[in-house]
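Chemist: Mind looking over this structure? Questions follow.
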Amino acid sequence: MTTYTTLISPAQLVALQASGHAAGGHAAGGKPCMVFDCSFDLGKPSVGRQLYEQVHIPGAVFADLDQDLSAKHGMPSSDGSVAVSQADQPASGGRHPLPSRERFAVWLSSIGFANNMQAVVYDRNGANFCGRLWWMLKWAGHDAVAVLDGGLQAWQAAGQPVAQGAEASHFQTSFALHPPLRRLVTAAEVLAGLNSPDQTLIDARAPARYRGEVEPLDPVAGHIPGALNRPFSENLGADGRFKPRELLRAEFQQLLGERPADSVVHQCGSGVSALPNLLAMEVAGLGPTALFAGSWSEWCADATRPVARG
């Protein structure tokens, strides 16, 4: 029985669904599979669900970056304080703070995802958002998760069926957390490692944002001192799929120079678009590597932390 842990093609997903069954289905055979649509729009957060309802892979569950894959921001009480339960303590800072692993497990259970399932995640945004769920499942100790290479566009180009509207809900499960398979790095750890050969930061933002020439989302422009720049879009070819393994490997090795691959910590603006870089390094055979999920939005929120420009 094949387990997919990085990328999966439309043809492989079709075969997987035929040999096993979609979550909630009744076909005999291999491992159950649940497909997730993670489409999103940072400028208009409600657009993701609208796009999903217009067209999605049949049976796919919608995973909302703000509502499902980020921590809820607490509501202030009358005295101005914010009461947050232990389970709701975010696991990172920044504009899209990670929920706790426990809160994430509650969501997975609520939508019917179980430990024996293969997850397949996709979006229509160049893998910019589905990488978040891919990484979070690894972080929850679940290795059987893959990104649909080329996203919804590749699925449709292959002539595969699509659906509209809502999907039937699944029976609740009891997803059990296991030891994390990927490393989450804090702002304090990044600060402590700024001048260490054991840490190599890779910033996935566009070059102009990295250089500090523009900053449309955060209050401070610039980058973490010493960070290398590789925009996440550079991992994809003209067809919207990830570049071949050997090409990705060559590009990352050129970027890193003498720096070891296992020293890499990925970051971006809020810990989301860094993940195509992290995934690409694994496709290239250079991973796994670490994630600073709070990224620039958490880093620049503290004026005592150094900022570089240019």
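Every number here is computed from the coordinates shown, using simple stated rules; none is lab data. If you're wondering where the values come from, they're calculated on a predicted model, not measured in any experiment. Cβ placement follows ideal geometry from the backbone for every residue including glycine, while neighbour counts extend to all protein chains displayed.
Chemist: For a test of the definition: using alpha carbon positions, the gyration tensor, and the 1.5 limit on a/c, classify the range 187-299 as rounded, prolate or oblate.
Modeler: Here the range 187-299 falls in the oblate category.
Chemist: So, R0 is 30 Å and r is the distance between the beta-carbons of Ser233 and Thr186; what FRET efficiency does that work out to, to 0.05?
Modeler: FRET efficiency, Ser233 to Thr186: 0.65.
Chemist: If I stretch the segment between Arg245 and Asp302 completely, what's the gain in nm (0.36 nm per residue apart, minus their alpha carbon distance), one decimal?
Modeler: On the way: separation 57, 0.36 × 57 = 20.52 nm, distance 3.81 nm.
Gain on extension, Arg245 to Asp302, equals 16.7 nm.
Chemist: Which helices, counted as full DSSP H runs in the chain, have an axial Cα extent of no less than 15 Å and a Kyte-Doolittle average of -0.5 or above? It would help to have the intermediate numbers written out before the result.
Modeler: Working: long enough: 245-256 (16 Å, -0.27).
Flagged H segments are 245-256.
Chemist: Phe113's amide H: which non-local residues (gap 5+, or another chain) put their own amide H closer than 5 Å, with H modeled 1.01 Å from N in plane and none for Pro or chain starts?
Modeler: Placed amide hydrogens put Thr173 under 5 Å from Phe113.
Chemist: Continuing with this model, one more query. Pick from Ala261, Ala140, Ala18: which residue has the top mean-square fluctuation in a GNM of the chain where Cα pairs under 10 Å get a spring?
Modeler: Residue with maximal mean-square fluctuation among Ala261, Ala140, Ala18: Ala18.
Chemist: Residue-wise, which Karplus ³J(HN,Hα) couplings in Hz belong to the range 212-223, taking 6.51 cos²θ - 1.76 cosθ + 1.60, θ = phi - 60°, and x for glycine or proline?
Modeler: With coefficients 6.51, -1.76 and 1.60, one gets x, 6, 9, 8, x, 10, 10, x, 10, 9, x, 8 Hz.
Chemist: If you put +1 on each Lys and Arg Cβ and -1 on each Asp and Glu Cβ, how big is the dipole of the chain around its Cα centre, in Debye rounded to 20?
Modeler: Using only the charged Cβ atoms, the result is roughly 260 debye.
Chemist: Sum -39500 (n - 2.57) across every DSSP H segment of at least 4 residues in the chain, then divide by the residue count to get the 222 nm mean residue ellipticity, nearest 500.
Modeler: -7000 deg cm²/dmol
Chemist: Can you classify the range 218-273 as rounded, prolate or oblate using the Cα gyration tensor, where a ≥ b ≥ c are the square roots of its eigenvalues, rounded means a/c under 1.5, and otherwise it's prolate if a/b beats b/c and oblate if not?
Modeler: Cα axes put the range 218-273 in the oblate bin.
Chemist: With no other cysteine's Cβ closer than 4.7 Å, which Cys residues of the chain count as lacking a disulfide-compatible partner?
Modeler: Cys33, Cys268, Cys300 - these cysteines have no disulfide-compatible partner (Cβ-Cβ under 4.7 Å) in the chain.
Chemist: Obtain the nm distance between the two label points defined at Ser46 and Asn116 by a simple spin-label model: each point lies 7 Å from its Cα along the Cα-to-C-beta direction.
Modeler: 4.1 nm
Chemist: Take peptides 200-212, 102-114 and line them up by average Cβ neighbours within 10 Å, highest first, as a rough protection proxy.
Modeler: Per-residue Cβ counts within 10 Å, averaged per peptide and sorted highest first, yield 200-212, 102-114.
Chemist: Would you please classify the overall shape of the range 132-186 from the alpha carbon gyration tensor, given that a ≥ b ≥ c denote the square roots of the eigenvalues, rounded means a/c under 1.5, and beyond that prolate means a/b larger than b/c while oblate covers the rest?
Modeler: Since a/c reaches 1.5 but b/c is at least a/b, the shape of the range 132-186 is classed as oblate.
Chemist: Lysines within cross-link reach of Lys138: Cα-Cα under 20 Å, excluding same-chain residues under 8 positions apart?
Modeler: Lys31
Chemist: Moving on. Treat every Asp and Glu Cβ in the range 34-74 as -1 and every Lys and Arg Cβ as +1, leave all other atoms uncharged, and give the resulting dipole magnitude about the Cα centre to the nearest 20 debye.
Modeler: The dipole of the range 34-74 has a size of about 60 debye.
Chemist: Another question, if that's okay. Taking the Cα centroid of the range 101-179 and of the range 274-308, what is the distance between the two, rounded to the nearest whole Å?
Modeler: 22 Å
Chemist: Taking all pairs of distinct Cα atoms, average 1/r, flip it, and tell me the Kirkwood hydrodynamic radius of the chain in Å to one decimal place.
Modeler: In the chain this quantity evaluates to 20.0 Å.
Chemist: Taking the Cα centre of the range 206-308 as origin, sum charge times position over the Cβ atoms of Lys and Arg (+1) and Asp and Glu (-1), and report the length of that vector in debye to the nearest 20.
Modeler: 160 debye
Chemist: Could you rank the peptides 35-44, 163-172, 8-17 by their average count of other C-beta atoms within 10 Å per residue, with the highest value first?
Modeler: Listed from highest to lowest mean packing, they are 35-44, 8-17, 163-172.
Chemist: Check Leu7: other-chain or 5+ apart residues with amide H under 5 Å from its amide H, H built from backbone geometry?
Modeler: Val147
Chemist: For the ranges 51-62, 231-242, what's the packing order if you count other beta-carbon atoms within 10 Å of each residue, average per peptide, and put the highest first?
Modeler: Working: 51-62: 19.2, 231-242: 16.9.
Going from most to least packed, we get 51-62, 231-242.
Chemist: Quick one: length gained pulling Asn195 to Gln172 fully straight, 0.36 nm per residue minus the C-alpha distance?
Modeler: That pair, Asn195 and Gln172, stretches by 3.6 nm at full extension.
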